Amino acid sequence: MSSPDGSAGPDLEAVVEAAGRAPSIHNTQPWRWVARDGVLDVRADRNRQLHVADRDGHSLLISCGAALELTELALAAQGWAPEAAVLPDPADPDLLARLRPVRQDRPDELALRRIEAALGRRSERRPFGPEPVAGDVVERLAEIGNGEGVYVHFPTRADENLDLAVAISQADRSGRDDPAYAAEMAAWVRADDPAHDGVPMASIPRVPAGEPRHTDIPLRDFEVGVAGGQLITPGVDEHPQIAVILTETDGDLEQLRAGQAMMRLMVQAELEGIASCPLSQSVDLLAFRTRLRTLMGWTGYPQMMLRLGQRPAEPPAPLTPRRPVSEVLTRE
Ligand SMILES: Cc1cc2nc3c(=O)[nH]c(=O)nc-3n(C[C@H](O)[C@H](O)[C@H](O)COP(=O)(O)O)c2cc1C
């Protein structure tokens, strides 16, 4: 890609490689990039949308919002200001953003640090360390997450956390009871085979049948007919910090913005030495989101949740794989 004045453009392979490290539901990576005439398009790949767990494409947009955020960050880290038009063409809803990189004097140092943090991030599903996330860290996370029509809420009251736990448990149970949901998830769990997508066994905690985790807030259970490959310390009382990302209105644009906010939060958490993991059973489907909003009495629309806490002392699982850049970047 060359810039409009004919000079060499950004290193798009590096940009797409970094952006592809975004989290996505079941590591489906439902995105692709198209470069042409000084612009870089970020597109949704509907072939990779989950038909059961993501019937209305909500998780796809959250995932793509995260990838969009990292695309912009990676361009900034290379010294390009990414002028972005989000959802620029109503006739082409899968064109999520058109970026026109504009050369800056120098690379953005903060963006560089953030992109490095994004490259080392992973979804941490093990019990967190016992210390709560410090108040000043929560404040900084809220500050970075808040954006255009998007805000982050950290439930603190005991009754609110209890209501939230009930709502998440109900949604989790309804997924577990649905054979189609379990079958779809099983299809995205990867055993030893070298794969470029899906959730590897090594990133799934092993929870023995007689030793359930001591947490009110259930994690999505990827152990569908398989035992996870990640050993965890049994009997740990878990009190994760939950972050809820809400939007003032609801629609595709807001869901993309929520995905961007989630990515900013996860990168900031990584910079702060805090582990994070998306927790989306109660927001995947519209019916659950509607029920959650009513139950919690929130005026905003809940779009996404994160579980945050101190990194466990033991080393983390390897980074999960991604598809090669050649599969997701097209040049026209
Ligand atoms: C919209 C969305 C929903 C997700 N929901 C969950 C979830 O409920 N539970 C979970 O453990 N991970 C969840 N994840 C995390 C993905 O499984 C994870 O990003 C993916 O496997 C890639 O792994 P990584 O984040 O470690 O790179 C979700 C991610 C996204 C973007």
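The values are calculated or read from the model by the stated rules, or taken from the named source; none is laboratory data. Computed from a predicted model, the values in this text were never measured in an experiment. A quick note on method: Cβ atoms are made from the backbone with ideal geometry, for glycine too, and the neighbour counts reach across all protein chains shown.
Tabulated data
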{"item": "Residues of region 286-329 classified as among the aliphatic types (A, V, I, L, M) and away from the ligand (no atom under 12 Å from the Cβ), total", "result": "10"}
{"item": "Selected residue (criterion: surrounded by the most Cβ atoms within 10 Å (Cβ to Cβ)) from residues of region 235-268 that are outside any strand (DSSP E or B) and touching a Lys or Arg at 6+ places or on another chain (Cβ under 8 Å)", "result": "M266"}
{"item": "Candidates L279, L265, L319, L256, filtered to the one that is outside the structural domain of V236 (by TED's automatic domain parsing) and either free of Cβ contacts under 8 Å to residues at least 24 places away in the same chain or within 16 Å of the chain's Cα centre (by Cα) (or both)", "result": "L319"}
{"item": "Members of region 59-70 that are touching a residue at least 40 places away in the same chain (Cβ under 8 Å) and near the ligand (Cβ under 10 Å from one of its atoms)", "result": "S59, L61, I62, S63, C64, G65, A66, A67"}
{"item": "Test: residue in region 32-43 that is farther than 30 Å from R176 by Cβ and aromatic (F, W, Y)", "result": "yes"}
{"item": "Failed item in (1) farther than 24 Å from G235 by Cα; (2) more than 16 Å from the ligand (Cβ to nearest atom); (3) among the hydrophobic types (A, V, I, L, M, F, W, C), with A158 passing the rest", "result": "(1)"}
{"item": "Out of P101, P127, P132, P107, sole residue that is at pLDDT below 95 and not acidic (D, E)", "result": "P107"}
{"item": "Exclusive hit being at pLDDT 95 or above and within 12 Å of the ligand (Cβ to nearest atom), set Q268, Q260", "result": "Q260"}
{"item": "Among the residues listed as D37, D45, D56, the single one being more than 20 Å from P324 (Cα to Cα), of a type in the set (D, E), surrounded by fewer than 23 Cβ atoms within 10 Å (Cβ to Cβ) and within 16 Å of the ligand (Cβ to nearest atom)", "result": "D56"}
{"item": "Region 234-257, residues that are at pLDDT 95 or above, away from the ligand (no atom under 14 Å from the Cβ) and among the hydrophobic types (A, V, I, L, M, F, W, C)", "result": "L246, L253"}
{"item": "Region 117-130, residues that are more than 16 Å from the ligand (Cβ to nearest atom) and part of a strand (DSSP E or B)", "result": "G129"}
{"item": "Scope region 99-122; condition surrounded by 18 or more Cβ atoms within 10 Å (Cβ to Cβ) and among the basic types (K, R); matching residues", "result": "R114, R121, R122"}
{"item": "Scope region 185-200; condition within 23 Å of the chain's Cα centre (by Cα) and over 19 Å from A53 (Cβ atoms); matching residues", "result": "A191, P194, H196"}
{"item": "Hey, L306 touching a Ser or Thr at 6+ places or on another chain (Cβ under 7 Å) and closer than 24 Å to R21 by Cβ or not", "result": "yes"}
